[in-house]
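Structure record follows, encoded as structure tokens.
The values are calculated or read from the model by the stated rules, or taken from the named source; none is laboratory data. Since this is a predicted model, take the numbers as computed values, not measurements. Here the Cβ positions follow ideal geometry from the backbone for every residue, glycine too, while neighbour counts run over all protein chains shown. Heavy atoms of the whole protein, side chains included, go into the accessibility calculation; ligands, DNA and RNA do not. Shrake-Rupley method; radii C 1.70, N 1.55, O 1.52, S 1.80 Å.
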Amino acid sequence: MMQALIFDCDGVLVDTERDGHRVAFNQAFAQLGIDCVWDVERYGALLLTAGGKERMRRHFDETGWPQNYPDHDALISRIHLLKTDIFMTLISTGALPLRPGVRRIVDEAIDAGIALAVCSTSNEKAVQAVVDVMLGPQRSAKITVFAGDVVAAKKPAPDIYTLAATTLGLTPSACMVIEDSNNGLRAAKAAGMRCVVTISSYTAEEDFTLADRIVSDLDAGIDIPACRAIVEMTASTL
């Protein structure tokens, strides 16, 4: 039987990457006097690397590091802290709405007594802000967040999903994950979980061969009975 419904955050709960995180990074660069602007295309390429700190490191390794900041680790941390504050301000305005079907399926899971979690490579404060603000305190109280640097290896490594299963006492094969990227899909599958992909603005061209189902959003036929059917059908073939 299905035990848990686990969401990625960015691109799954809210389509935050293009108009949220990218915008916040660019504002942080500008405030610190760093000559760097990530356009839509460049940020899309950087998304193949999981984690905001890792994306910045990759970008500066490829294009050159800012001359006025010799301590690269300190620079990455400083930008990321500022970017997180800017992003949380964006979220608090409600400018980035929940994706279709998210609120509905969360309520279905709560009514069915199914555990809820969010597993993300993004900063924990930012992820918690999305959950708290966009889903509200009553739902948020029932959702466990695993995010940021809580594990050493980020997606596509399975570590964060394995941590969620271990912490919450779940059987991986009884967990349904909602992801939007190839990295996230591979992480969920490597953890032994089932996975539905909801395609987001940056991920339409990625390889989702491993997915149990691919949809445009959760209102395209994904509810708790459908998730249960996928979990139980997959279990019967093992």
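Among the conditions (1) open to solvent by less than 50 Å² (accessible area, probe 1.4 Å); (2) in contact with an Asp or Glu (Cβ under 7 Å, 6 or more places away or on another chain); (3) part of a helix (DSSP H, G or I), the only one that R22 does not satisfy is (2).
In the stretch 25-46, the qualifying residues are those that are open to solvent by 70 Å² or more (accessible area, probe 1.4 Å) and either touching a residue at least 40 places away in the same chain (Cβ under 8 Å) or under 29 Å from L116 (Cα atoms) (or both), and the one that is farthest from the chain's Cα centre (by Cα) is Q31.
In the set L210, L168, only one residue is open to solvent by 50 Å² or more (accessible area, probe 1.4 Å), farther than 20 Å from M1 by Cα and not basic (K, R); that residue is L210.
Within the stretch 171-185, the set of residues being part of a helix (DSSP H, G or I) and surrounded by 19 or more Cβ atoms within 10 Å (Cβ to Cβ) comprises P172, A174, N182, N183, G184, L185. A74 meets each of the listed conditions (1) part of a helix (DSSP H, G or I); (2) loosely packed, with under 14 Cβ neighbours inside 10 Å; (3) within 16 Å of the chain's Cα centre (by Cα) apart from (3).
Tell me whether the stretch 77-92 contains one or more residues that are open to solvent by 60 Å² or more (accessible area, probe 1.4 Å) and touching a Gly at 6+ places or on another chain (Cβ under 9 Å). Among the residues of the stretch 77-92, not one is open to solvent by 60 Å² or more (accessible area, probe 1.4 Å) and touching a Gly at 6+ places or on another chain (Cβ under 9 Å), which makes the answer no.
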